[in-house]
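Read through the structure below, which is laid out as structure tokens, and then see the notes.
The values are calculated or read from the model by the stated rules, or taken from the named source; none is laboratory data. Just so you know, these numbers come straight off a predicted model, no measurement behind them. With ideal geometry, Cβ positions are generated from the backbone for all residues, glycine too; neighbour counts draw on all protein chains shown.
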């Protein structure tokens, strides 16, 4: 029962409390979600480009597969720009998601892609390039400026504190891939001491979120390396695993690698979420991964629902060789075309069958 979760103090949930909470959720399956009309988090959420009609349409497609969660990225600049309006748009999104029986996991910060986010009109996608407009939160200048950390604290406490008891929210992912240096894209623009800066800030972010006593669990996913023993963990991974209420990880590898990493994380005796997977060219497929996740009772959230401005159906190598005059041999991510038709009917049928969702007539 939720009453077993220690809300009186801002501490990590006991493992037993996390398991009790997880036992009430059923098998969680979903996608990382951004509407086709948005190139990044800012375009998704800013007042001029927030698109509830499109979100409603696309989440309806997810509901049709039986999906019951989505992982959705927020951004600190949105809170700075218009805190009240941002809260209202989050609430509007939650109303749409609830209509489709979907409870999202919200991501507060993200170390991936462009380290120089800017509010206002976002640039168009770079032709033929995967995720060409995604932006980090916080940006590099903010991360390097300790004077702005108070603003970041206000953002975390403001967003989590606006919805601490909201049953429409599944969980909070406090920081996506915190030690990602974007080596194939923006590495030259990253602070030289980025990892050290984030390592010092991440425990504070957990503390800020916990100070609002959310009834939803907190997590931050480990995503690379060897997690088979405590002594093999990096300092960042130790913080992530020691402070998360539910353990989460990313894996774009083949089924045997996916299952090996689950075995490593089962040692923590906490619920396990895979919050990113499914890269067809990397042998990470729905047919290969989902049955393993179901067998081990691991929540499974793939990257990408609908093709759109993010262009993440294109492979990562598009940063070196853009797909301007050709299409990829196989889509990297994404389930649906922009019109709602499946990329592969056998995939959507498989997902629906494994979840136990009857096809619409």
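Remarks
Here's the yes/no breakdown for (1) out of contact with any strand residue (DSSP E or B) (no Cβ under 6 Å at 6 or more places or on another chain); (2) modelled with pLDDT of 95 or more; (3) at negative phi; (4) crowded, with 22+ Cβ neighbours inside 10 Å:
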position	(1), (2), (3), (4)
144	yes, yes, yes, no
147	yes, yes, yes, no
164	yes, yes, yes, no
171	no, yes, yes, yes
183	yes, no, yes, no
203	yes, yes, yes, no
214	yes, yes, yes, yes
219	no, yes, yes, yes
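- Among the residues listed as 315, 328, 322, the single one being closer than 18 Å to residue 126 by Cα, touching a helix residue (DSSP H, G or I) at 6+ places or on another chain (Cβ under 9 Å), surrounded by 16 or more Cβ atoms within 10 Å (Cβ to Cβ) and in contact (Cβ under 8 Å) with a residue 60 or more places away in the chain: 315
- Residues (assigned to a loop (DSSP other than H, G, I, E, B) and buried (at least 20 other Cβ atoms within 10 Å of the Cβ)) located in region 224-250: 227, 244, 245, 246
Results for (1) farther than 17 Å from residue 354 by Cβ; (2) at pLDDT below 95; (3) crowded, with 23+ Cβ neighbours inside 10 Å, shown as yes or no for each residue.
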position	(1), (2), (3)
22	yes, no, no
27	no, no, no
32	yes, no, yes
40	yes, no, yes
52	yes, no, no
65	no, no, yes
69	no, no, yes
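- Boolean, residue 63 is touching a strand residue (DSSP E or B) at 6+ places or on another chain (Cβ under 6 Å), assigned to a helix (DSSP H, G or I) and within 26 Å of residue 304 (Cβ to Cβ): no
- Among the residues of region 266-281, those identified as without any contact (Cβ under 8 Å) to a residue 40 or more places away in the chain and out of contact with any helix residue (DSSP H, G or I) (no Cβ under 7 Å at 6 or more places or on another chain) are 266, 267.
- Scanning region 192-201 for residues that are without any contact (Cβ under 8 Å) to a residue 60 or more places away in the chain and either within 25 Å of residue 133 (Cα to Cα) or surrounded by 14 or more Cβ atoms within 10 Å (Cβ to Cβ) (or both) yields 192, 193, 195, 197, 199, 201.
- Leading residue by the ranking (modelled with the lowest pLDDT) among those in region 8-20 that are in a loop (DSSP other than H, G, I, E, B) and crowded, with 17+ Cβ neighbours inside 10 Å: 12
- Exclusive hit being part of a loop (DSSP other than H, G, I, E, B), out of contact with any strand residue (DSSP E or B) (no Cβ under 6 Å at 6 or more places or on another chain), surrounded by fewer than 17 Cβ atoms within 10 Å (Cβ to Cβ) and modelled with pLDDT of 95 or more, set 297, 358: 297
- Boolean, residue 119 is in contact (Cβ under 8 Å) with a residue 24 or more places away in the chain and surrounded by 22 or more Cβ atoms within 10 Å (Cβ to Cβ): no
- Within region 268-290, tally of residues that are part of a strand (DSSP E or B) and either surrounded by fewer than 18 Cβ atoms within 10 Å (Cβ to Cβ) or at positive phi (or both): 0
- Here residue 103 does not fit the description of being within 20 Å of the chain's Cα centre (by Cα), closer than 30 Å to residue 356 by Cβ and buried (at least 23 other Cβ atoms within 10 Å of the Cβ).
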